[in-house]
1. Exactly one condition in (1) under 29 Å from residue 111 (Cα atoms); (2) modelled with pLDDT under 95 is not met by residue 142; state its number.
2. Filter the range 126-148 down to residues that are over 17 Å from residue 231 (Cα atoms) and either within 16 Å of the ligand (Cβ to nearest atom) or not hydroxyl-bearing (Ser, Thr, Tyr) (or both), then give me how many there are.
3. Test residue 270 against the criterion of being closer than 20 Å to residue 228 by Cα, assigned to a loop (DSSP other than H, G, I, E, B) and either β-branched (Val, Ile, Thr) or at pLDDT below 95 (or both), and give yes or no.
4. Name the residue that is surrounded by the fewest Cβ atoms within 10 Å (Cβ to Cβ), counting only residues in the range 135-151 that are under 26 Å from residue 102 (Cβ atoms) and hydroxyl-bearing (Ser, Thr, Tyr).
5. For the range 110-121, check the following and say yes or no: at least one residue is over 26 Å from residue 168 (Cα atoms), within 15 Å of the ligand (Cβ to nearest atom) and not in a helix (DSSP H, G or I).
6. Which members of the range 203-224 meet the condition of being in contact with a strand residue (DSSP E or B) (Cβ under 6 Å, 6 or more places away or on another chain), more than 12 Å from residue 267 (Cα to Cα) and surrounded by 13 or more Cβ atoms within 10 Å (Cβ to Cβ)?
7. Please work out which one of (1) part of a helix (DSSP H, G or I); (2) more than 20 Å from residue 254 (Cα to Cα); (3) modelled with pLDDT of 95 or more is the condition residue 101 fails and give its number.
8. Answer yes or no as to whether residue 227 is crowded, with 19+ Cβ neighbours inside 10 Å, among the polar types (S, T, N, Q) and modelled with pLDDT of 95 or more.
Amino acid sequence: MHILVTGGAGYIGSHTSVVLLEAGHEVIIVDNLSNSKIETIDRIKQITKKELIFYQEDVTDEAAVDAIFSNHSFDGVIHFAGFKAVGESVEFPLKYYYNNTVSTMVLAKYCLKYGVKQFVFSSSATVYGENDVPFVETMELLPTTNPYGETKVISERILTDVAKANRDFAVSLLRYFNPVGAHESGLIGEDPRGIPNNLMPYITKVAKGKLEKLRIFGNDYPTPDGTGVRDYIHVMDLAEGHVAALEKLTPGVHVYNLGTGRGISVLELVKTFEEVNGVKVPYEIVGRRPGDIAESYADVSKAKAELGWTAKRGIREMCRDAWRYECGV
Ligand SMILES: NC(=O)c1ccc[n+]([C@@H]2O[C@H](COP(=O)([O-])OP(=O)(O)OC[C@H]3O[C@@H](n4cnc5c(N)ncnc54)[C@H](O)[C@@H]3O)[C@@H](O)[C@H]2O)c1
């Protein structure tokens, strides 16, 4: 298949591009490099020893997107491009609503114009809000407490309505839990600009001495050790989940949780990271962060039953691969 990967120079998009190329698909990446580097494109080629086409364009730019669709005959689109920092979205809501929802509408519009019928969307576990764990796809979505989360809810609705109005349109809404780790080569991984928002890149930077200490937000949650519990998933498992979803896609809307189904606390992750990599991660406990929930983990039975996909890599591999990437960059 010929697949358009938006945001393919980013963290999850680059790993998914590797898996797509290795599965024999043709990959065309469009990314404006607002949160990624051009070197990642070369590294994808280096890992896979395959060629791909890259456009440095913004997917909210209709003329640019139209030109890309007219140059190719795509079988499907995987839409990763978007902004993802929860805190920043509270500060700059319009930046988030605009980029994340307009990009989805523009891509859906040009899929319809050019007869591209398969659309895979990067959604997030954040759409479940404060539902009880484990999160199941059939749950009613609850308010997400931040504009970033709302952009995911809105984009899901937009794509659902487009699929209702166009009966041959096939949409997969993939709700990711907490992607961590890196490709085992150490050539690509998560390399956020500035101070990381996510836990694992923060841990690796503290372990490397680039940041002084980890701040753990709250140890008074109703969890076994009081720190927040999340469902961490190796980014290569997540990438493989996309290819499984794409290859099984049929008309209509399909929602899948992509997680491991197992919750791990912040302290458990820190201890495992220290043990696996033989390094120290100094930390301090500070107050809860507004908007954080106590626990988030997935019910993963639907993806297993319908896609034949489950996460294979464990927390130790996640810690090992994240550290290997940090040490190489
Ligand atoms: N990483 C996570 O924890 C997580 C969890 C759930 C969902 N997601 C979603 O998965 C997707 C990918 O996340 P990621 O972690 O790889 O983030 P990332 O920032 O590494 O990748 C996103 C890529 O999209 C590009 N981009 C952003 N806006 C664009 C635009 N308008 N036009 C073209 N390119 C644009 C950026 O340059 C970047 O390369 C995002 O939609 C994110 O919201 C991520």
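The values are calculated or read from the model by the stated rules, or taken from the named source; none is laboratory data. Worth saying up front: this structure is predicted, and the values here are computed from it rather than measured. Backbone-built Cβ (ideal geometry, glycine too); neighbour counts: all protein chains shown.
1. Only one criterion in (1) under 29 Å from residue 111 (Cα atoms); (2) modelled with pLDDT under 95 is unmet by residue 142, namely (1).
2. Total satisfying the criteria: 10.
3. For residue 270, the condition - closer than 20 Å to residue 228 by Cα, assigned to a loop (DSSP other than H, G, I, E, B) and either β-branched (Val, Ile, Thr) or at pLDDT below 95 (or both) - is not met.
4. The qualifying residue surrounded by the fewest Cβ atoms within 10 Å (Cβ to Cβ) is 145.
5. no
6. Matches in the range 203-224: 206 only.
7. Going through the list (1) part of a helix (DSSP H, G or I); (2) more than 20 Å from residue 254 (Cα to Cα); (3) modelled with pLDDT of 95 or more, residue 101 breaks only (2).
8. yes
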